[in-house]
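Here the structure is laid out as structure tokens; the discussion comes afterwards.
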Amino acid sequence: MSRLIVVSNRVAPTQEGRPAAGGLAIGVLDALKESGGVWFGWSGETVSEPSAPVIEKQGNVTYATVGLTKRDYDQYYRGFSNATLWPTFHYRNDLSRYDRQEYAGYQRVNATLAKQLKALLKPDDIIWVHDYHLLPFARCLRELGVKNPIGFFLHIPFPVPEVLRTIPPHEELVKAMCSYDVIGFQTDADRQSFVDFIERGQHGTSSEDGMVHAYNRFLKVGAYPIGIYPDAIAKAAEQFTDRKPVRSLRDGMRGRKLIMSVDRLDYSKGLVERFQAFERLLLNAPGWHGRVSLVQIAPPTRADVTTYQRIRQTLEGEAGRINGRFAQLDWTPIQYLNRKYERNLLMALFRQSQVGYVTPLRDGMNLVAKEYVASQDPADPGVLVLSQFAGAAEQLPGALVVNPFDLSQMAEALERALSMPLAERQARHADMMAPMRENNLSVWRDTFLADLRNVATASSVAAKAVKRADVTAPSLPE
Ligand code: GDG
């Protein structure tokens, strides 16, 4: 089997079992161990000059990490990736800015990373690139003469053409994306947005089998919704139930009901609206005063990007205001915790709560929604209140689906979830566990990699045919 080369902005922690390892890390590491390979990306360090990757081998997996200069970090990471692409792809044009220098930095870093990776590549490697930081990465590799199959998975939404077009170099970006051989999106709606841009802009055509022909290239474009390992999560949630922090939370609740939310502190996650809808519940239904609390865990991320500093301030203000308005000497309505917790502990906390409250304004998938469901005790499960704008909403039929811009509807859903009879909760939980088991994390990874390996086979067959016939290759990698 050919080696797998994984490329992502950050390389996940190399020590197994480290708490920071999330879904992507777990899913991708398994694949790397199976076929052997390399995980290449930024080390998280800033350096004075770009240099060759630092190589660390663990078994048959090689971790190759590089530093970024301060200028690269500012322009590529903090700038174009997180101040232009992230907000726009999450439909927040109001928070997006465009700066030519930052875009030039984004292109430059992609080109530098491609050069650094090229030195590590073997002819039959297959390459799997992840996320919005690296949209033009395949084009940079192709310019260096790399002919290996290259796949790309976008973890965040892909916006409809009208929104995409607000990014000035949008066409250059999409054209560069067409240098990949397989592009994967989280949902069919995201895939459709990409195809719409290609077709409506008359840049190319698509066919029923998911192939797109654009900018003189053929590529496969599909939806590959990312999953979790629900049974492993259920086990961890049960095993960690007696840990001290979980016991303290349980004791502290003194029979009150618990609504639980966990998100990176990000404006796409809808935290302000969520707090306000909880406030609406307390206003509309005073019977819940003293009987329910919302615990929001929100570890800060990208704290040096201005929009993230602003959302943090706003949220602190809202939590303080709502608590000031409703709190009693022995009851705090919102417990807002700005810190990270160990992963298994989070799953056990989910299991203690009666409602999982997951209401992003826009989200590629949202793994927290899936983790919440998997963590529940099937005999007495909590209820998931989920935004219609999370990719996960397509896959979790037992959730109470809400529009996160409709505070009254969210408040009603919370009340319904808090009062839901056991039989209905059990039925909804079972309805969600079955598809999550069927489409677990291995299925996501294996389906994507199977499509990428098919491209590899198709292109080598095509290359041989070309050699025999001595004519120009009709399609695949240039
Ligand atoms: C992107 C897309 C897509 C959270 N707090 C802690 C912690 N977490 C873990 C959660 C979950 C992960 O982080 C967050 O994943 P999400 O999917 O919810 O969101 P993003 O970080 O925005 O991820 C998203 C995802 O990529 C995968 O493709 O679903 O749409 O935006 O696993 O449990 N983990 C630990 N401590 C915390 O305090 N250990």
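Inspection of segment 114-121 identifies no residue that is within 29 Å of PHE405 (Cβ to Cβ) and in contact (Cβ under 8 Å) with a residue 12 or more places away in the chain.
Would you be able to say whether some residue in segment 273-293 is away from the ligand (no atom under 14 Å from the Cβ), within 20 Å of SER375 (Cα to Cα), within 28 Å of the chain's Cα centre (by Cα) and among the aliphatic types (A, V, I, L, M)? Within segment 273-293 (the criterion being away from the ligand (no atom under 14 Å from the Cβ), within 20 Å of SER375 (Cα to Cα), within 28 Å of the chain's Cα centre (by Cα) and among the aliphatic types (A, V, I, L, M)), the answer is no, since none of the residues qualifies. Scan segment 215-234 and give yes if some residue there is of a type in the set (Gly, Ala, Ser), in contact with a helix residue (DSSP H, G or I) (Cβ under 8 Å, 6 or more places away or on another chain) and assigned to a helix (DSSP H, G or I), otherwise no. The answer is yes, given that some residue of segment 215-234 is of a type in the set (Gly, Ala, Ser), in contact with a helix residue (DSSP H, G or I) (Cβ under 8 Å, 6 or more places away or on another chain) and assigned to a helix (DSSP H, G or I). Look at (1) among the hydroxyl-bearing types (Ser, Thr, Tyr); (2) within 16 Å of the ligand (Cβ to nearest atom); (3) modelled with pLDDT of 95 or more and you find that SER442 fails only one, number (3). Applying the criterion of being among the small types (Gly, Ala, Ser) and either more than 19 Å from the chain's Cα centre (by Cα) or not assigned by TED's automatic domain parsing to the domain that holds ALA234 (or both) to the residues of segment 368-392, the residue that is surrounded by the most Cβ atoms within 10 Å (Cβ to Cβ) is SER375. For MET365, the criteria (1) more than 16 Å from VAL295 (Cα to Cα); (2) crowded, with 24+ Cβ neighbours inside 10 Å; (3) more than 8 Å from the ligand (Cβ to nearest atom); (4) of a type outside the set (D, E, K, R) hold in every case but one, which is (3). Of the residues LEU173, LEU134, LEU154, which single one is more than 16 Å from the ligand (Cβ to nearest atom) and in contact (Cβ under 8 Å) with a residue 12 or more places away in the chain? None of the others qualify; the one that does is LEU173.
Checked against the criterion of being under 19 Å from the mean Cα position of the chain (by Cα), farther than 24 Å from GLY290 by Cα and within 12 Å of the ligand (Cβ to nearest atom), segment 396-407 contains not a single residue that satisfies it.
Being at pLDDT below 95, within 12 Å of the ligand (Cβ to nearest atom), of a type in the set (D, E, K, R) and surrounded by fewer than 21 Cβ atoms within 10 Å (Cβ to Cβ) is a description that applies to ARG302.
Of the residues making up segment 11-24, those that are crowded, with 18+ Cβ neighbours inside 10 Å and modelled with pLDDT under 75 are ALA12, GLY23, LEU24.
Between SER48, SER43, SER2, SER8, the distinction of being hydroxyl-bearing (Ser, Thr, Tyr), within 16 Å of the ligand (Cβ to nearest atom) and either surrounded by 15 or more Cβ atoms within 10 Å (Cβ to Cβ) or farther than 18 Å from PHE153 by Cα (or both) belongs to SER8 only.
Applying the set (1) of a type in the set (Gly, Ala, Ser); (2) in contact (Cβ under 8 Å) with a residue 12 or more places away in the chain; (3) more than 15 Å from the ligand (Cβ to nearest atom) to GLY184 leaves exactly one unmet item: (3).
The numbered conditions (1) exposed (fewer than 14 other Cβ atoms within 10 Å of the Cβ); (2) at pLDDT below 95; (3) not small (Gly, Ala, Ser) are all true for GLN101 except (2). Candidates SER193, SER261, SER248: the one that is assigned by TED's automatic domain parsing to the domain that holds MET420, part of a helix (DSSP H, G or I) and either within 16 Å of the ligand (Cβ to nearest atom) or surrounded by fewer than 17 Cβ atoms within 10 Å (Cβ to Cβ) (or both) is SER248. Only helices (runs of 4 or more DSSP H) whose full extent lies in segment 288-392 are considered here, and the ones with at least 1 residues that are among the hydroxyl-bearing types (Ser, Thr, Tyr) are 306-326, 367-375. Between SER353, SER293, the distinction of being assigned by TED's automatic domain parsing to the domain that holds PRO378, farther than 30 Å from ARG78 by Cβ, touching a Gly at 6+ places or on another chain (Cβ under 7 Å) and of a type in the set (Ser, Thr, Tyr) belongs to SER353 only. When PHE158 is tested against the conditions (1) closer than 30 Å to ASP431 by Cβ; (2) out of contact with any strand residue (DSSP E or B) (no Cβ under 7 Å at 6 or more places or on another chain); (3) surrounded by 21 or more Cβ atoms within 10 Å (Cβ to Cβ), the lone failure is (2). Need pairs with beta-carbon distance below 8 Å; first residue of a type in the set (Lys, Arg) and within segment 339-350, second at pLDDT 95 or above and near the ligand (Cβ under 8 Å from one of its atoms); sequence gap 6+ or separate chains. Final answer for the pair search is ARG339/ILE297.
Scanning segment 327-353 for residues that are among the aromatic types (Phe, Trp, Tyr) and surrounded by fewer than 18 Cβ atoms within 10 Å (Cβ to Cβ) returns TRP331, TYR341. From the list PHE153, PHE185, the one residue that fits, being among the aromatic types (Phe, Trp, Tyr), buried (at least 20 other Cβ atoms within 10 Å of the Cβ) and out of contact with any Pro (no Cβ under 9 Å at 6 or more places or on another chain), is PHE153.
The values are calculated or read from the model by the stated rules, or taken from the named source; none is laboratory data. Since we're looking at a predicted model, the values are computed, not measured. Because the Cβ atoms are built from the backbone with ideal geometry, glycine has one as well, and the counts that use them run over all protein chains shown.
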